[in-house]
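A short write-up of the structure that comes next.
The values are calculated or read from the model by the stated rules, or taken from the named source; none is laboratory data. Computed from a prediction, not measured in an experiment: that's the story for all the values here. As a convention, Cβ positions derive from the backbone with ideal geometry for all residues, glycine included, and neighbour counts pool all protein chains shown. We work out accessible area using only protein heavy atoms, side chains counted, and drop any ligands, DNA or RNA first. Shrake-Rupley method; radii C 1.70, N 1.55, O 1.52, S 1.80 Å.
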Amino acid sequence: MTRAAAARPSLYPVVAPVCAAGLATIVVAAVSFATVSHSATALAGVGAFLIASLLADRFPVPVDDLDANGVSLAFVFGLSAIVLFGWAAGVLVVSATPAVMQLLDRRPPVRIAYNSFAFALTAASAGLVIAPLGGSTAAHTAARVVVATYVCYAVNVLLITAVVARGTRRRWPGLIASSVRKTILPFTLMGSAVLTLVVLWQRAPLLSVALVGPLLAIQLYQRALLRALRAVRLALTDPLTGLGNHRHFHERLASELEHALDHERPLSLCLVDIDDFKRVNDRFGHPTGDRVLAQVATRLRQTGEAFRLGGDEFAVLLPGYEEPDAQAAAASIVNRIATFDFGHMGAITVSAGIAVAPNHTRDRDELLRLVDSALYWAKEYGKNRARVYRHDAIELAELKQLATAGDRAARLRAAASLARAVDARDVYTGSHSQRVAQLAVRLAARIGLPREELELTRLAASLHDLGKLALPEDLLRKPAPLTAPERTVLQRHAQIGFRMLESLGIDPVAEWVLHHHERWDGTGYPDRLAGTEIPLGARIIFVADAYDAMTSDRVYRQRRTNEDALDEIVRCAGTQFDPEVVEALEAELEPEQQPELVPLQQAV
């Protein structure tokens, strides 16, 4: 049976009346049992059930999250005594069990008294309720067992949760609901064991006594099994927050992703990171930081299956969530934590990134990369927000690699990734940025740029439209000609790209991107530079970009032939384009003069 926590002075308004009523009940039961003659079989049965109850109570089975020590098969033997030998015998067996065992454990006297007297009231209630239910048929026996089981259970829950509610200042109805939710099933199963034991006793008392051994063995096995399960859970649980740990997260992610792909249903993954958490630890100490982590974990549990991946990073699995639902769930996490009162620490905020399978990818590692990049975007662009994976969000994380990569190959990979993100949103077909980069390098090599500038040309040409990531996609894909205001917005992409690149330390890439729409006659944008005022790299990119644009399909027009496109560029040489670069394009595109193209990785 469940047991109460040790009483405190504030518990006496509950403890005192229960103990008084329980003591009176035990006295009356003892007198009643002593003044009635009993057969030797009945006396032996009461003694056997008392011994079995004591043994069962010695090894209760814990129940997760229950504010008590657990449940035990003592309930089976105590209730069987009530049904078979009457309420008085049942009261003596049920009340003696906790008294003896807790005395051996040296528990506080008030706790021993409350448990014993509360159980006495429980047993008396059940016995008195079933007393009028006479009859010797199997149906009558079953009815007495069922009624006694649930009366005993109900009174026990009410009395035990009353003292817990008083001691913890928690709401009594909430504790009752929680206790019933966690214990109703095991007590119902034990009620069926009571019925088996009672029927066996009525048929053959010795056979029912033999059932005591298997019942106790089952209880011991349950304890061992629970210990093993808890050991497994401990290996998969973060001890500070109680959430699943890094290992458990990857196991669950693999399982949920497989299930989502097999059943063609979405799986959203949300990464959550505490903003400026180092400041909390440095200013208030690690114990305070641990409390913040625990509070954040509590709020994550309210949304989905949550995990702590390490440090201040968490993950939440949202099976069945489409992108809008996942974004709403992540936003609710961000809002709940931002509005929580952390006391003297001030406001604590988090950032969240979201990716959805199979919408964004069907691969687990790729899903992790995408959601990590979305989280990076949320933190880099303001924090205290949730962002879903987008080409224009995720691939911006590659900017950091552009800035920090020490080797040429890493920079080229990052630039290519960013270029793919731009091309995925723009009106061109295929890999426009890659084609422009390849042609620009060929033109730069033909003009005679130093070898060390060829890589910069490729980088700048790959990223010439980077600023379009910040523009609305419906503007980029509009099938009709742009209005004057829309064209003004579109032209800002050069300045936006410049601002995104200027701090990366890879001059003159940012400057070339800024000026790649300047015209030779000074009528271009954004600064109306003219002639050689325009950086040579920008002039090269302008020609390569124009040629590829004319020879690519768009949503509002068909592409031109290579010959027509070249003729148009030649016609505009000296007004729109640098004549020298146009000559290089003519020479590059003439088959009989075109040299074998050396791959960039060999040319630089």
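Let's see how each residue does on (1) of a type in the set (D, E, K, R); (2) buried (at least 18 other Cβ atoms within 10 Å of the Cβ); (3) more than 18 Å from D57 (Cβ to Cβ):
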{"site": "S80", "(1), (2), (3)": "no, yes, no"}
{"site": "S116", "(1), (2), (3)": "no, yes, no"}
{"site": "L158", "(1), (2), (3)": "no, no, yes"}
{"site": "A177", "(1), (2), (3)": "no, no, yes"}
{"site": "K182", "(1), (2), (3)": "yes, no, yes"}
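Return yes when S116 is assigned to a helix (DSSP H, G or I) and more than 20 Å from L84 (Cβ to Cβ) and no when it is not.
yes
Is segment 119-137 home to any residue that is outside any helix (DSSP H, G or I), within 23 Å of G22 (Cα to Cα) and not basic (K, R)?
yes
Looking only at segment 551-566, decide whether some residue is in contact with a Ser or Thr (Cβ under 9 Å, 6 or more places away or on another chain), of a type in the set (K, R) and in contact (Cβ under 8 Å) with a residue 40 or more places away in the chain.
yes
Output yes when any residue across segment 286-299 is in contact (Cβ under 8 Å) with a residue 12 or more places away in the chain and under 14 Å from A330 (Cβ atoms), and no when none is.
Looking through segment 286-299, at least one residue is in contact (Cβ under 8 Å) with a residue 12 or more places away in the chain and under 14 Å from A330 (Cβ atoms).
Regarding V543, is this residue surrounded by 18 or more Cβ atoms within 10 Å (Cβ to Cβ), closer than 18 Å to E455 by Cβ and either more than 51 Å from the chain's Cα centre (by Cα) or in contact (Cβ under 8 Å) with a residue 40 or more places away in the chain (or both)?
Spelling it out, it is not the case that V543 is surrounded by 18 or more Cβ atoms within 10 Å (Cβ to Cβ), closer than 18 Å to E455 by Cβ and either more than 51 Å from the chain's Cα centre (by Cα) or in contact (Cβ under 8 Å) with a residue 40 or more places away in the chain (or both).
Yes or no: V371 more than 29 Å from D465 (Cα to Cα) and modelled with pLDDT of 85 or more?
No: the conditions fail for V371.
Which one of the conditions (1) at negative phi; (2) outside any helix (DSSP H, G or I) does R181 fail to meet, given that it meets all the rest?
Going through (1) at negative phi; (2) outside any helix (DSSP H, G or I) one by one, R181 breaks only (2).
Take P186 and decide whether it is in a helix (DSSP H, G or I) and at pLDDT 80 or above.
Criteria not met by P186.
Do you know which residues across segment 281-334 are of a type in the set (F, W, Y) and modelled with pLDDT of 90 or more?
F307, F314, Y321 - these are the residues of segment 281-334 that are of a type in the set (F, W, Y) and modelled with pLDDT of 90 or more.
Here is a yes/no grid of residues against (1) open to solvent by less than 60 Å² (accessible area, probe 1.4 Å); (2) closer than 21 Å to R247 by Cα:
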| residue | (1), (2) |
| --- | --- |
| V272 | yes, yes |
| F284 | yes, no |
| R291 | no, no |
| Q295 | no, no |
| Q302 | no, no |
| F307 | yes, yes |
| T339 | no, no |
| S351 | yes, no |
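Could you please tell me which pairs satisfy a Cβ distance under 9 Å, a separation of 6+ or placement on different chains, a first residue in segment 447-470 that is over 23 Å from H493 (Cβ atoms), and a second residue that is open to solvent by less than 10 Å² (accessible area, probe 1.4 Å) and among the β-branched types (V, I, T)?
Final answer for the pair search is I447/I540; I447/V581; L449/T457; L449/I540.
Could you check segment 104-154 and list, in sequence order, the residues that are among the β-branched types (V, I, T) and farther than 24 Å from L200 by Cα?
Within segment 104-154, V110, I112, T122 meet the criteria.
I'd like to check which strands (runs of 3 or more DSSP E) are fully inside segment 300-381 and have at least 2 residues that are farther than 25 Å from D290 by Cα.
It comes to 313-319, 350-357.
Between R458, R435, R477, R425, which is modelled with pLDDT under 65 and at negative phi?
Going through R458, R435, R477, R425 in turn, the sole match is R425.
Tally the residues that are assigned to a loop (DSSP other than H, G, I, E, B) and either open to solvent by less than 70 Å² (accessible area, probe 1.4 Å) or out of contact with any helix residue (DSSP H, G or I) (no Cβ under 9 Å at 6 or more places or on another chain) (or both), restricting the search to segment 522-534.
Here the count works out to 9.
Being farther than 18 Å from I354 by Cβ and either touching a strand residue (DSSP E or B) at 6+ places or on another chain (Cβ under 6 Å) or in a loop (DSSP other than H, G, I, E, B) (or both) is the requirement here; does E256 meet it?
The answer is no for E256.
Please enumerate the residues belonging to segment 320-375 that are touching a helix residue (DSSP H, G or I) at 6+ places or on another chain (Cβ under 6 Å), closer than 25 Å to S255 by Cβ and free of Cβ contacts under 8 Å to residues at least 60 places away in the same chain.
H360, T361, L370, S373
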